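Novice: One structure is given below, represented as structure tokens, and several questions about it will come after.
The values are calculated or read from the model by the stated rules, or taken from the named source; none is laboratory data. Predicted, not measured: the structure shown is a model, and the values here were computed from it. FYI the Cβ positions are ideal-geometry reconstructions off the backbone, even for glycines, and counts take in every protein chain you see.
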Amino acid sequence: MFQKILVAIDASERGQLVFDQALQLAQATSAHLMLLHVLSSEEEGSPNVSIIGLEYYPSIADEIVQMHQKQWVEYENRGLKMLRSHAEQAAAVGVAIEFTQNFGNPGRTICEVAHTWDADLIIMGRRGHSGLNELLLGSVSNYVLHHAPCSVLTVQGIVHADSTTTQDQLADVVL
Amino acid sequence: MYTNILVALSSIQIALSDHNIFEPNQTERESFRVSREVLDEAIALAKPFKANLTLLHVLTEKEIQDGIRKFGSKEKFEQECQRRLKLLEDEVRGAGVEVDFDQIFPKLVSGKPGEIICNHARLWKNDLIVVGRRERHFHLLGPGGVSGYVIYHAPCTTFVVNSKASSISPEGANSVVVH
């Protein structure tokens, strides 16, 4: 059914859920996995030291730039460590897997990799931002949904207890 | 992993054994194609997990009006929908997948498709929703359309079907290949 599944993950708890589902799906369908981690300033945990205006403070500018670079390198390394750990998990259950870590706009990068790697399914988490944040940051899953060259599977995060539905809300139902 | 899959269909005139199809217009053709893919993918996904399917036929207000007009009355349209749904259920069973019969509502009512799908998934406790990406020009139906709404509001994993042969390129150009 699926032969090549692209899994877009981040370092969050949700990322682990996404990977777990992807792994189970790959096992059930004997698919190959490609893990993708997009490094961007939008991701939680990415360094976001502002270096604008530092030219006015030449004495500390260098230090700050160096610290910033160091943080980016650490961020990159954390990402690679996560990817390797997932790859080991997959290998342990006999699933063929590769991984890649790219800088860039998350939505666009996911679609580009899906295109060049010829994925037939993209698995990703829902962005998880609410309301205004979703609107301002743009939703990665919404972008991918409309630009993906293949099917897209979005994994939900933890469902909150208050989202229940009563029979009344089902009044508008179609056969 | 998946036990109870909700299959959202915009068209149920898709049973392979159904010879009673009216000449479709452009939109209907698109709907048939997408719904056919959605059903095929849902069946394929159900098999390895021995999951069962619940078929949900979702119509917009306009589609209901069109249907009533085409068949003469609301009752006749409902009967026709029942007939088609039965054919589909037979087809799914024939493929070795169990189908849930219990939650069939006999009346035709309109509502927002995305909401209908998500509300049902919540009530029926589905662990996967399979939906198509019908709105190729999505801006026409508002941001995201039905599939966009569902991936945002669904209480569970959502699978948006989009076959590779008929997709747009990452740059967004309209290089659609019709197969």
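Novice: Can you tell me which residues in segment B:60-71 are surrounded by fewer than 16 Cβ atoms within 10 Å (Cβ to Cβ) and closer than 30 Å to B:Lys125 by Cα?
Specialist: B:Glu61, B:Lys62
Novice: Tally up the residues in segment A:79-128 that are surrounded by 15 or more Cβ atoms within 10 Å (Cβ to Cβ), over 20 Å from A:Met1 (Cα atoms) and among the charged types (D, E, K, R), please.
Specialist: Number satisfying all stated conditions: 4.
Novice: Then there's this: Return the residues of segment B:72-99 that are crowded, with 16+ Cβ neighbours inside 10 Å, within 13 Å of chain A (Cβ to nearest Cβ) and either more than 24 Å from B:Leu123 (Cα to Cα) or of a type in the set (Lys, Arg) (or both); say none if nothing qualifies. Break it down into steps so the answer makes sense when it comes.
Specialist: Of segment B:72-99, the ones crowded, with 16+ Cβ neighbours inside 10 Å are B:77-78, B:80-81, B:84-85, B:87-89, B:91-92, B:97, B:99.
Filter once more, keeping what is within 13 Å of chain A (Cβ to nearest Cβ): B:77-78, B:80-81, B:84-85, B:88-89.
B:Phe77, B:Glu80, B:Arg84, listed by residue number.
Novice: Taking the residues in segment B:50-59 that are within 18 Å of B:Thr157 (Cα to Cα) and buried (at least 19 other Cβ atoms within 10 Å of the Cβ) as candidates, determine which candidate is nearest to the other protein chains (Cβ to nearest Cβ).
Specialist: Among those residues, the one meeting the criterion is B:Leu56.
Novice: For segment A:54-88, what are the residues that are more than 18 Å from the chain's Cα centre (by Cα) and at pLDDT 95 or above?
Specialist: A:Glu88
Novice: Report, ordered by the first and then the second residue, all pairs with beta carbons closer than 6 Å, sequence separation of six or more or different chains, a first member in segment A:1-26 that is buried (at least 24 other Cβ atoms within 10 Å of the Cβ), and a second member that is at pLDDT below 95 and of a type in the set (D, E, K, R).
Specialist: Within 6 Å, the pairs are A:Asp10/A:Glu43.
Novice: Give me the pairs, please: first residue somewhere in segment A:83-97 and over 10 Å from A:Ala26 (Cβ atoms), second residue anywhere and part of a loop (DSSP other than H, G, I, E, B) and modelled with pLDDT of 95 or more, beta-carbon distance under 8 Å, and either six or more positions apart or on two chains.
Specialist: From segment A:83-97, no pairs qualify.
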